[in-house]
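As structure tokens, the structure follows; a few thoughts come after it.
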Amino acid sequence: MLQVARFCGSLKVTVFLLVAFLLVIFWGVLGQANAEAAGMPASFAVDRFFRSYFVWVFDVVPVPAMKGLSVLASIHLILSMIFRMPRGRRYAGLYGIHVALLLLLVGSLVGSGVQMRYNGYKNVAPESVPETSGVLTMFPAGWTYHVEYRGRFPMSPKSSIDLYTVTYDPFRFVPYLFAFLLLVSLAYFYVGVMIGNRKKI
């Protein structure tokens, strides 16, 4: 069991997962193009390749999709930190990089499960200025809601409708936290390991 865990945290599995991610992304983009060419919405391919855990090949063989690969990559990152990475305070930056990647993967998995989208509209006068940014008065305020202005459609000479898409996502902070943690960890790793090795030479 311990040998299996060590192998799952090895560099060979890292390379395999990177190639698998690239193949799923290529397959998913190709699926979007084929869906649009067949007259279907691109969201059909997005749900199949990027928002599911498995893709069924020929309706028989299950192959991990983006969510499935994210679960496998999360387990791999944890095992690689336990079994493969060197110990010591000078390597804290390397651990920080792996934790940042783990945060991004787990945050995307959890966030996609709780994310909700709504379509909203507002009756306005044709000459009024649309609310296209900031906190819109007709939607809940706060970090968890993101509002996107979709455009204005005239209904009559005296009335128009502004369309909006509202996304509820309490994990919107994850990409920003990932970027911050990654940059800090890279800087610490460069100072602690790279510069330290140069001084020894």
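Based on Cα contacts under 8 Å between residues 6+ apart, region 19-117 shows a relative contact order of 19 percent.
When the chain is described by a simple charge dipole with +1 on each Lys and Arg Cβ and -1 on each Asp and Glu Cβ, the residue from Y149, G107, G39 located farthest towards its positive end is G107. Cross-link partners of K67 among aspartates and glutamates, defined as those whose alpha carbon lies under 12 angstrom from its own and excluding same-chain residues fewer than eight positions apart: D47.
Each 10 Å bin from 0 upward holds the following percent of the Cα-Cα pairs of region 1-84: 18, 40, 26, 12, 4, 0.
Treating only the Cβ atoms of Lys and Arg (+1) and Asp and Glu (-1) as charged, compute the dipole magnitude of the chain about its Cα centre; round to the nearest 20 debye. Walk me through the numbers on the way to the answer.
Values: 18 positive and 8 negative charges, 246 e Å.
That gives a dipole near 1180 debye.
Near V55, the amide H atoms lying under 5 Å from its own belong to V63, A65; only residues 5 or more places off or on other chains count, and H is placed 1.01 Å from N. Other residues within the sphere of radius under 14 Å centred on the Cβ of G96, judged by their own Cβ, net out at +2 (K and R +1, D and E -1). Per-residue packing, averaged as other Cβ atoms within 10 Å, sorts the ranges 163-174, 37-48 into the order 163-174, 37-48, beginning with the highest.
Taken along its three principal axes, the alpha carbon spread of the chain comes to 76, 47, 28 Å, from the longest extent down to the shortest. Contact order, relative form, for the chain: 19 percent (alpha carbon pairs under 8 Å, 6 or more residues apart, mean separation divided by residue count). From its DSSP helices (H runs of at least four residues, each -39,500 (n - 2.57)), the chain gives a residue-normalised ellipticity at 222 nm of -17000 deg cm²/dmol.
Here, each number is a calculation from the coordinates, and none is a lab measurement. Every value quoted in this text rests on a predicted model; they were computed, and no experiment measured them. FYI the Cβ positions are ideal-geometry reconstructions off the backbone, even for glycines, and counts take in every protein chain you see.
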